[in-house]
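To start, the structure itself, in structure tokens.
The values are calculated or read from the model by the stated rules, or taken from the named source; none is laboratory data. Values in this document were obtained by computation on a predicted structure and should not be read as measured data. FYI the Cβ positions are ideal-geometry reconstructions off the backbone, even for glycines, and counts take in every protein chain you see.
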Amino acid sequence: MIGAIRRWLDRRTIARSCISDQSWQEAFAELPVLDRLDKDERKRLMDLAILFLDRKVIKGVNGVTITESIRLIIALQACLPILKLGIRCYRNWVTVVVYPAGFVANHVEYDELGLVRQSMSHRLGEAWVRGPVVLSLADTRIAGKLDGSNLVIHEFAHKLDMQNGRANGFPPLHRGMSRRQWTDVFSAAFSDHQSRCQRGQPVDIDCYGATSPAEFFAVISEVFFEQSGVIEEHYPDVLELLIRYYRQNPKQATLHEFFPGEKNE
Ligand SMILES: [Zn+2]
């Protein structure tokens, strides 16, 4: 019953959207990462983007004015990872904060003794547990270029990972997926990536992914949507799990109902 009401509300929100065809076309034209989608998938992505924009507040800071074009560029990229997963994966938080470019983040952490540790670092984006996603506009605009690097997908992969707590590279898996297999496959790939980066011989995957399992999942998700052939070549087991997790295969047409028995856990 609740599900039926929710779907009815979603359909109503989508029907009431007044985003013009031209605005959609211009946004898609800026994002080659979406070129592989067929007509039905584009429509599905647009519907998700409308729901995303209805539920999230996108806020510019430090002089950024949020235009419809910026809203669409963010929403379309943010919804690509959930094309087959649904908008509910992004529940329990509201705000996307947009800086003009990279920003300095001031982090306060408490260690096991309760002592405060403060650190400053330069960032292009951030995702907080149950909190905002923060994006650099300059990097968001160039994100969808199929070069294996995509800031928006990176930050929203963290959000998917955070559905079951802190980001740790272990998002909630679908029914039928083995937690043990995920841990074994991702741990082996992460450790290989780390040692390649330490030796100065990385494959075409950003060494930022070697800093933690959470960053590895986010970085390899960027590569998955933009250059999945790199993962196929070096980490085919990871590719297989990402296809099952995202229910999409960027090298082929999206998997329509490929795993009908699997549901989010
Ligand atoms: Zn990250």
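Things to note:
- When the range 1-42 is filtered for residues that are under 23 Å from Ser228 (Cα atoms) and either of a type outside the set (A, V, I, L, M) or assigned to a loop (DSSP other than H, G, I, E, B) (or both), the ones remaining, listed by number, are Phe28, Glu30, Leu31, Pro32, Asp35, Arg36, Leu37, Asp38, Lys39, Asp40, Glu41, Arg42.
- Residue satisfying condition, being within 14 Å of the chain's Cα centre (by Cα), more than 16 Å from the ligand (Cβ to nearest atom), part of a loop (DSSP other than H, G, I, E, B) and touching a residue at least 40 places away in the same chain (Cβ under 8 Å), within set Gly176, Gly144, Gly148, Gly169: Gly144
- Residues in the range 165-196 that are surrounded by 18 or more Cβ atoms within 10 Å (Cβ to Cβ), at pLDDT 95 or above and of a type in the set (A, V, I, L, M, F, W, C): Leu173, Trp182, Val185, Phe186, Ala189, Phe190.
- All positions within the range 117-132 that are among the hydrophobic types (A, V, I, L, M, F, W, C) and more than 11 Å from the ligand (Cβ to nearest atom): Met120, Trp128, Val129
- Among the residues of the range 66-104, those that are of a type in the set (D, E, K, R) and over 15 Å from the mean Cα position of the chain (by Cα) comprise Glu68, Arg71.
- Residues in the range 185-211 that are more than 14 Å from the ligand (Cβ to nearest atom) and not in a helix (DSSP H, G or I) were compared, and the one that is nearest to Leu160 (Cα to Cα) is Asp204.
- Ala214 being buried (at least 19 other Cβ atoms within 10 Å of the Cβ), in a helix (DSSP H, G or I) and within 14 Å of the ligand (Cβ to nearest atom): yes
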